[in-house]
Amino acid sequence: MARYNGYLFALDKATGRRVWRTPILRGHQVLGVHGNNVVVIGANSLYAVDLDTGKLRWGRSIAPQYADGFQLPRSQMIGSSIYCGTKNKLYRFDANSGALQESRDWAMGGEAPMTFLVSGNDLYVISDLPLGGEVSARPPVDSHP
C-alpha cells in the first residue's frame with residue numbers, strides 16, 4: 001500500500017509485476033492477513049480485501065460517529081479478532097465478517113488513551129496523564145548513576 005496514492009496492490013513475488021490493485025481511500029495500516037483476506041485500517045474504517053483478486057470482501061466504520069483525530073493510531077489483530085480504539089472506546093471486530101463483537105468504554109476518568117496493547121487476557125493502555133495525583137510527585141524509577 002503506497003502512502004499517498006489511495007491504492008492497495010499485490011505484486012507477483014516471482015516477477016515483481018502487479019497482480020491487482022484496489023482503491024483504499026486513506027488507508028493507514030495493513031493489519032495483516034486472515035484467511036484469504038488482507039485486513040486494512042483507514043480513517044474510521046476497516047476493510048478486508050481478497051488476496052487473490054483484490055476485491056473488497058467487506059468494509060465498515062469503526063465508530064458510529066467520527067471526527068478527524070478521534071481514532072487511536074494503532075490497531076491489532078489477534079487470531080480472528082481485530083481491536084481498534086478511539087478516544088472513547090475499545091472495539092473488537094470479527095476478522096471474517098467485520099461484525100462488531102463487543103465494545104467497552106475506557107473508563108479512565110479524566111485521562112485519554114493514546115495507544116493500547118492486548119496481550120493474552122491483559123489490556124495495556126498509555127494515557128495522556130499516566131502519573132496523576134500523588135504518584136506524579138515522585139520519580140517513576142530510582143535514579144542510579
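The values are calculated or read from the model by the stated rules, or taken from the named source; none is laboratory data. Here the structure is a predicted model, which means the values were calculated and not measured. Note that each Cβ is placed from the backbone with ideal geometry, even for glycine, and that neighbours are counted across all protein chains shown. Note: accessible area is taken over every heavy atom of the protein model, side chains too, but ligands, DNA and RNA are not part of it. Shrake-Rupley method; radii C 1.70, N 1.55, O 1.52, S 1.80 Å.
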**OP:** State which residue is surrounded by the most Cβ atoms within 10 Å (Cβ to Cβ) when the search covers only segment 3-23 and only residues that are of a type in the set (D, E, K, R) and more than 23 Å from R74 (Cα to Cα).
**Re:** R21
Original post:
Pick from segment 85-113 the residues that are assigned to a loop (DSSP other than H, G, I, E, B), in contact with a strand residue (DSSP E or B) (Cβ under 7 Å, 6 or more places away or on another chain) and of a type in the set (A, V, I, L, M, F, W, C): which of them is surrounded by the most Cβ atoms within 10 Å (Cβ to Cβ)?
Top reply: A95
**OP:** Return the only residue of G85, G120, G98 being at pLDDT 90 or above and either more than 20 Å from V40 (Cβ to Cβ) or not small (G, A, S) (or both).
**Re:** G120
Subject >> Which numbered condition F116 fails, given (1) under 12 Å from the mean Cα position of the chain (by Cα); (2) open to solvent by 50 Å² or more (accessible area, probe 1.4 Å) >> reply: (2)
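Identify all residues within segment 119-132 that are surrounded by 10 or more Cβ atoms within 10 Å (Cβ to Cβ) and in a strand (DSSP E or B); write none if there are none.
Of segment 119-132, the ones surrounded by 10 or more Cβ atoms within 10 Å (Cβ to Cβ) are 123, 125-132.
Across segment 119-132, the qualifying residues are L123, V125, I126, S127.
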